[in-house]
1. What aspartates and glutamates could a cross-link reach from Lys193, if we take a straight Cα to Cα line under 14 Å and drop same-chain neighbours fewer than 8 places away?
2. Which of the peptides 301-310, 9-18 is most tightly packed, and how do the rest follow, judged by the mean count of other Cβ atoms within 10 Å per residue?
3. Relative contact order, percent, of region 315-464 when contacts are C-alpha pairs under 8 Å separated by at least 6 residues?
4. Could the peptides 444-453, 270-279 be put in order, highest first, of the mean number of other beta-carbon atoms found within 10 Å of their residues?
5. According to the square roots a ≥ b ≥ c of the eigenvalues of the Cα gyration tensor, what is the shape class of region 382-462, taking rounded for a/c under 1.5, prolate for a/b larger than b/c otherwise, and oblate for the remainder?
6. Sort out for me the Cα centre separation of region 265-342 from region 35-100, rounded to whole Å.
7. In Å², what does the accessible area per residue of region 315-464 work out to with a 1.4 Å probe?
8. Using a 1.4 Å probe on the protein heavy atoms only, what accessible surface does Thr69 show? Give it in Å² to the nearest 10.
Amino acid sequence: MFSKKRTSFLRTTTFRLTLWFLGVFSTLSLAVFMVVYVFLVSHLHDQTDTELLDTAKEFTSLYKERGITALQAEFTREAESRGTGRVFFELVSSAGKLSAASDMRLWTHPKPLSLAPPERSGTQPSFYTISRPGHRHKIRVISMPVMDGNIIRIATSLKGDERLLERYRETFGTALVIMLICGGLMGWLLAKKAMSGVKRVTETATKTGRHDFGKRVTLADEGEEINALVYAFNNMLERIESLISELQQITDNIAHELRTPVTRIRGIAETTLKSSENLEEFREMAASVIDGSDDLIEMIGTMLEIAKTDSGVIKLDVTQLDICKIIEDAADLFAPVAEDKRIKIFLEKPPRPLTVHGDRQRLQRVMANLLDNAIKYTPSGGSVSLSIAEDTAGVTVRISDTGMGIDEKDIPHVFDRFYRGDKSRSTTGTGLGLSLALAIIRAHGGDITIKSTNRGSAFTVSLPKERS
Ligand code: ADP
């Protein structure tokens with residue numbers, strides 16, 4: 001179990017980010033070290049060679065001006081002042097004979113030091129580095145031709161330079177270990193912080209059980225990406241919650257509202273079956289069952305349409321359309337019904353077409369529902385007025401009537417599914433028309449508002465010009 005836990009830790013993004021951070025951090029540190037190291041080596045090298053060359057030049061002038069005795073004395077003095085273990089000087093003849101040299105005692109171990117240079121002929125000085133058997137540190141040599149085939153050779157130990165470089169390596173190594181520990185810790189903390197939003201989303205998702213879609217991830221401003229993730233996740237939860245409540249509502253509706261008409265249809269069939277004997281009565285029963293079933297089918301269709309529109313499952317078939325034309329068509333469609341009831345329909349519209357982006361069929365259905373209600377709930381002799389207007393936000397359609405009005409207590413509920421006002425119980429209806437109308441208008445980004453008194457009602461539909 002422990003090893004399983006460890007494997008899953010190694011697979012976490014926090015761990016991988018930390019590794020990345022450490023990788024980049026150590027590569028950069030090493031690169032800086034290398035650059036400084038190369039620069040330091042080359043600088044020390046140049047410095048040593050310049051010093052060797054200057055000294056060789058001084059000895060050459062001395063030899064030329066004052067001869068071998070003065071050179072020998074200067075070799076001894078200079079070697080003592082710099083340290084006989086650090087440098088030595090020698091003058092070698094063309095035959096390879098040592099003509100003058102500083103104190104060489106410290107340079108003979110384990111056997112007499114032979115510089116044995118692969119001398120280049122010519123007059124130019126040459127530099128070379130050699131290792132001494134049994135000694136850790138190398139030496140740097142300059143071989144300077146003077147005159148008559150003689151050569152001045154100066155050797156200096158590179159102990160100081162090599163120690164400096166060693167110390168640099170040691171110091172950098174220690175600093176690198178400390179930096180890697182701190183960097184690793186910092187990387188881990190940063191990665192952990194960056195991942196904390198994701199972790200919270202995961203925790204909420206895990207906790208969100210079958211009946212607990214009310215939970216939301218709190219926004220902690222952990223950066224744009226995490227904020228976007230939190231928003232998207234919360235939106236998704238909200239959608240799931242609304243779909244579930246939609247489903248719940250449909251189930252409730254089916255249980256309460258559909259039971260009555262189904263029981264009624266069943267009752268008609270049962271009574272006929274038990275008490276009727278002639279074919280005519282069976283025919284009547286069949287006709288009633290068909291009518292009742294048709295109503296039921298329509299009701300179920302409307303219920304599904306509302307649920308799908310409300311939950312956003314439905315895709316509107318949006319085109320550019322003239323809203324005035326839709327209202328005009330609705331008025332024409334309902335003219336015969338209004339005439340039958342001796343209700344006048346007035347239409348007030350702007351002289352030019354008013355374009356909105358919408359689903360033609362669904363908007364026609366909204367206008368038909370509202371106009372149907374206005375005529376249905378207005379007593380004979382009354383009137384219904386339709387007006388269309390435009391403002392900066394969009395288009396408004398007002399459908400007002402001189403009917404019975406809606407009680408104040410009913411107004412907040414008339415858009416609920418199956419809700420029917422007390423005053424309208426005697427009129428036929430399902431209580432679904434306004435719910436569907438509002439769902440469709442909301443899906444278009446608009447709204448429906450009501451104003452009502454006991455002298456009539458006015459429904460105002462507002463639609464935005466551009467659908468968001
Ligand atoms: P239905 O008309 O089938 O009952 P609706 O959803 O269309 O269902 O309307 C819901 C309720 O709102 C109606 O039962 C009625 O009480 C009230 N209502 C709607 N329109 C009007 C209106 N123009 N005048 C008075 N009451 C109305």
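The values are calculated or read from the model by the stated rules, or taken from the named source; none is laboratory data. This is a predicted model, so every value here is computed, not measured. So basically every Cβ, Gly included, is an ideal-geometry build from the backbone, and we count neighbours across all protein chains shown. Just the protein is used for accessible areas: all its heavy atoms, side chains included, with ligands, DNA and RNA removed. Shrake-Rupley method; radii C 1.70, N 1.55, O 1.52, S 1.80 Å.
1. Of all the aspartates and glutamates, those that pass the test against Lys193 - Cα under 14 Å, at least 8 places apart if same chain - are Asp221, Glu222, Glu224, Glu225.
2. 301-310, 9-18
3. Relative contact order of region 315-464: 23 percent.
4. Final packing ranking: 444-453, 270-279.
5. It comes out oblate by the Cα gyration axes.
6. Cα centres, region 265-342 to region 35-100: 117 Å.
7. I get 50 Å² per residue for this part.
8. The accessible area comes out at roughly 110 Å².
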